[in-house]
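Here's the structure we're looking at; comments come further down.
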Amino acid sequence: AQSVSQHNHHVILSEAASLELGCNYSYGGTVNLFWYVQYPGQHLQLLLKYFSGDPLVKGIKGFEAEFIKSKFSFNLRKPSVQWSDTAEYFCAVNAKGSTLGRLYFGRGTQLTVWP
Amino acid sequence: DAGVTQSPTHLIKTRGQQVTLRCSPKSGHDTVSWYQQALGQGPQFIFQYYEEEERQRGNFPDRFSGHQFPNYSSELNVNALLLGDSALYLCASSLGRTGNTIYFGEGSWLTVV
């Protein structure tokens, strides 16, 4: 079975600070990787995804993530956060070839950005 | 707007009761997955429906059951509710079982007292 670890449960930053959220997964095979964001009272939204190819993936709202296969990691980054980035962020993994709807999520990281 | 609609948005039930949650997938999507998100946790996969059949199931007891209708909408049923079933229940839809994007609804908050 797959599992996902997000080591930072709560991150607090000031506007314009740089962000990096850690994500490590456990699975012996090939995976698809995702980052989702959940703003208060809203549905989960896809920030970015990695299926294959360039391990540096760019997503919406200035976010990017880098897949490092040797480290089983898929860390999320943003060079300069804004107050509107305050939300909960989830990393998820899906075994390649399996049904896409079956995602394994991490516990999430709550990001609070102070203006 | 993700296009996935769920109802009801909030509900309160008593231990031992049964609950039914509903989901309409995004237009054009034929696959529905259900997740449970307990407070402070990430979503956990319950099961997936495709072509009106349960195709995959996560580690949830038989008290959790579902259904998919010909119009692709879906229901999640939970019998003999326990306090621990209190959570946000999320529906996700996709096109085909291996489509490359899934969309989540806003969820149904279930509180068991």
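The values are calculated or read from the model by the stated rules, or taken from the named source; none is laboratory data. Predicted model only: the values in this text are computed from it and were never measured. Here the Cβ positions follow ideal geometry from the backbone for every residue, glycine too, while neighbour counts run over all protein chains shown. To get the accessible areas, we keep the full protein, side chains included, count just its heavy atoms, and leave off ligands, DNA and RNA. Shrake-Rupley method; radii C 1.70, N 1.55, O 1.52, S 1.80 Å.
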- Message: Name the residue that is farthest from A:PRO79 (Cα to Cα), counting only residues in the stretch A:1-46 that are small (Gly, Ala, Ser) and over 17 Å from the mean Cα position of the chain (by Cα).
- Response: A:ALA1
- Within the stretch A:73-113, track down each residue that is modelled with pLDDT under 95, more than 12 Å from the chain's Cα centre (by Cα) and hydrophobic (A, V, I, L, M, F, W, C). A:ALA95, A:LEU100, A:LEU103
- Query: Could you say whether any residue in the stretch A:74-92 is part of a loop (DSSP other than H, G, I, E, B), closer than 25 Å to A:ARG102 by Cα and not basic (Lys, Arg)?
  - Reply: no
- Message: Tell me the residue from A:LEU33, A:LEU76, A:LEU13 that is within 21 Å of B:GLN36 (Cα to Cα), open to solvent by less than 60 Å² (accessible area, probe 1.4 Å) and not polar (S, T, N, Q), please.
- Response: A:LEU33
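Which residue, of B:ASN77, B:ASN59, is open to solvent by 20 Å² or more (accessible area, probe 1.4 Å), touching a Gly at 6+ places or on another chain (Cβ under 8 Å) and more than 17 Å from B:VAL4 (Cβ to Cβ)?
Details: B:ASN59 fails: touching a Gly at 6+ places or on another chain (Cβ under 8 Å).
Of B:ASN77, B:ASN59, the one residue that is open to solvent by 20 Å² or more (accessible area, probe 1.4 Å), touching a Gly at 6+ places or on another chain (Cβ under 8 Å) and more than 17 Å from B:VAL4 (Cβ to Cβ) is B:ASN77.
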- Message: Checking the conditions here, which among A:VAL93, A:VAL81, A:VAL57, A:VAL37 is away from chain B (no Cβ under 14 Å) and among the β-branched types (Val, Ile, Thr)?
- Response: A:VAL81
- Task: Report the residue count in the stretch A:36-53 for those that are within 15 Å of A:ILE68 (Cα to Cα) and either open to solvent by less than 40 Å² (accessible area, probe 1.4 Å) or assigned to a loop (DSSP other than H, G, I, E, B) (or both).
- Result: 4
